[in-house]
Each structure stands twice: as structure tokens, then as C-alpha cells.
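To start, the structure itself, in C-alpha cells.
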Amino acid sequence: MPHHKIKAVRIEETQQQTDLSPAQKKFNGLIQKIDTQKKLLATWQEVIPQYQQEIAGKLNPLRDAFRDHQADMVVMLDALYTTQKLAHNQRDKIAHLITSICEELIGQHGREDLKPLYDCYSEQDYDAAVQEADEMASEYFKSMFEQEFGVELDDDEFDCSDPEEMAARLAEKMQERHKQAQESRSKRKKSAKQLEKEAREQEEEANVSKSIQAVYRQLVAVLHPDRELDPAERERKTELMQKVTVAYGKRDLLQLLELQLSVEQIDQSKINNIADDRLKHYNKILQNQLEELQQEVAHMELDIRRMTGLAPYAHLSPKRVFALLNENMRTLRNQINRIQHDLMLFNDVKQFKSWLKGYRIPTSGFDPFF
């Protein structure tokens, strides 16, 4: 199917009008911002599958290899603990290493087979400890949410172990509260000023819809493929009508105007001389379209931040995403080389004890070794 280039819409200065009106400037500004957001959205839509492919094909195998080596180290440390004559402080270090690695592998990577080792060296049951921590966290967050949102939550509605379900329950509570507030407001008698404002908003929305419908009908009248006898021209119009239908369904005024330009249904002079009252409606539509695009980009970038672990305030760009991915892979390769070296070293008890002498139990709870 042939490709048709869509012309860009923009109000241009003319000899008769060298200075654009505020509405015309706003129209151009909104179109430029929409174009920027569309390009950004298209970039992320292209980048995300590539990024996910790199994670699946390169990063995840490195993560799996490192976790396997960690599990090997736990088994080796357990064997050394039970077979070698060791000082009290050496045993404390080994116990700390085993529980730290097991806690990470069980909690974050589902290595249930390591629970017996964790229970043995931590002197507490892993499942019981997790349940106790979850109950404390649940009580804390439940209290925080109730104070923040002014809702009461039953224990069965608030489960920290299932954040998605918890968010759904909270959303239901908030919607119920919002509905009650709306019903309460609707029972109150509206003032003349409120009624006037509502009537204005309804009229404006009706005018906005009429503006989109007018452009749509003009395009349909020219492009309807059933009225075309020439097969090639019918194919061209069919392709364009599909674009028109999609754009109208999305209330995408900019796409509809671009299609009008591309089929020469309107020319630049008509764009330059859009009446102010119609331009006002156009700007309203374009502003809504821009906000929807910005929201779509924001949601997509939020997903990317979750995948990359980037903080909400950190700079985000496709280049940075792949740079972070490469940095993570370099770090993992270094960690794998290091743990492989240590596993080889542990085969010699003398070298192992020397290695253990240099190891310090971190006081912060964070072990930089792992």
C-alpha cells in the first residue's frame, strides 16, 4: 500500500498579518508541544521492546549466574562451618554471611530450598520472621493510609504482601467516598452562578464536538472510497479514510487537519485565516489532546523507571536507559568474577581463613560484598 506523507499544520505570518494573535500563537505552540510528545512517545514505544530484549537476553542470564554462585557459596560456607575447627568470631562471620545471602535469595529470588540453612544459622524461622515483619509493616501502612485518605480499612482489605490488590481496595474506598460526596453535593440547591457555569461548560463542550465533527464530515465527503471508480485511487482513499476514522475516534484534531492539508481540501491560507471563535475551540481540543499525550508518556516513563530502578527525579532518556543497563551488566560481570575467585580460594582452608579475617560484618545491615 502506498505511503502518503502528511503535511504539518501551522499558522504562518503573512504580509497582511505580520504579528500573530494570542490565539494563533497558542495554536502553534500547542501543535509544537503535541509533536514533541508524539515523537517522545514513539521513541519510548520503540526503545522499550529493545530494552526488554536486552534484559532477557543479556542481563537476566548474568543475574541467574551470580545467584547460582551465591547459592554455591552458601553450601560451601555451611560445609566449612561444620567440618573445620574455627574460632568464635569466625563462626559469627560465616553465620552472618550465610543468613545474609540466604535472606536475599529467598526473599527476592524465590530460593525456598535455602530456608533450612537460614533457619539453622539465624536461630529463627524464616517464615515466622517474615510474617511478623509483614504484620508490623501492614499495621503501620494501614494507619498511614487511613490518616492520609480519611478512610477506614479492614484487616482483610489491607495486605502488604499483595500491593495490587491493596491498591484496588483503596481505590474502591476512595471512589465510594467520592460518590458519597457527589451525592451530598447534588442534593444541595445549586446557585445561579453554578448553574450558569455548568451551562457554559456544556455549551463549550458541544462547540468542541461540533468543531471535530465538521472537519470529519468534510474529509468523509471527499475521501469516501465507494464513490471512486479507479482502483488505485480507491485504494489510496481507503487508506486515508482509515486514518480519518482512527483520528476521529481519538478526537485527534491535529491529525484530521493534517489529513485535510494532505488531500488539499484546505490550503495554508485557510489555516492562516481560521476564525477566532473556531480557533478557540480548536485550542481547547488541542490542549486536551496534549494533556492526554503527556499522561500517556508519564505512565510509560513510570514503567521504565520501575524497570531500571531510576528515582522519580533522576534524568531519564533512551540513551541513559541503555547506559544504565550496560553499567549493571559490567557490575554483575565483576561480581561474578569476584565470587568465582573466592569460591576457588575457599577450597584451601588456610586461604579461606585469611579471606575470612579480612571480612567485616557491616554494622549498617548492608553488605557491600554482595
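The values are calculated or read from the model by the stated rules, or taken from the named source; none is laboratory data. Keep in mind it's a predicted model, so treat the numbers as computed, not measured. Glycine also receives a Cβ, built like all others from the backbone with ideal geometry; neighbour counts cover every protein chain displayed. All accessible areas refer to the heavy atoms of the entire protein, side chains included, with ligands and DNA or RNA removed. Shrake-Rupley method; radii C 1.70, N 1.55, O 1.52, S 1.80 Å.
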- Task: Find which of Ala65, His88, Ile31 sits farthest along the positive direction of the dipole of the stretch 1-141, computed with +1 on the beta-carbon of Lys and Arg, -1 on that of Asp and Glu, about the Cα centre.
- Result: Ile31
- Largest first, how would Val263, Val246, Val9 line up by accessible area (1.4 Å probe)? Val246, Val263, Val9
- Note on the structure: Taking only protein heavy atoms and a 1.4 Å probe, the highest-to-lowest accessible-area order of Lys284, Lys179 is Lys179, Lys284
- Please sort by residue number the GluC sites (Glu not before Pro) in the stretch 216-303 whose DSSP state is loop and whose Cβ has at most 13 other Cβ atoms within 10 Å. Glu264
- Once the Cβ-Cβ distance between Lys210 and Ala133 is put in as r, and R0 is 51 Å, what FRET efficiency do you end up with, to the nearest 0.05? 0.30
- What is the gain in length, in nm to one decimal, between Thr36 and Gln175 on full extension, counting 0.36 nm per residue of separation less the C-alpha to C-alpha distance? 46.6 nm
- Item | Between the stretch 232-256 and the stretch 277-351, the Cα center-to-center distance that results, in Å | 35 Å
- Task: Using DSSP to define loop residues, name the trypsin sites (Lys or Arg not before Pro) in the stretch 66-139 whose beta-carbon has at most 10 other beta-carbon atoms within 10 Å.
- Result: Lys85
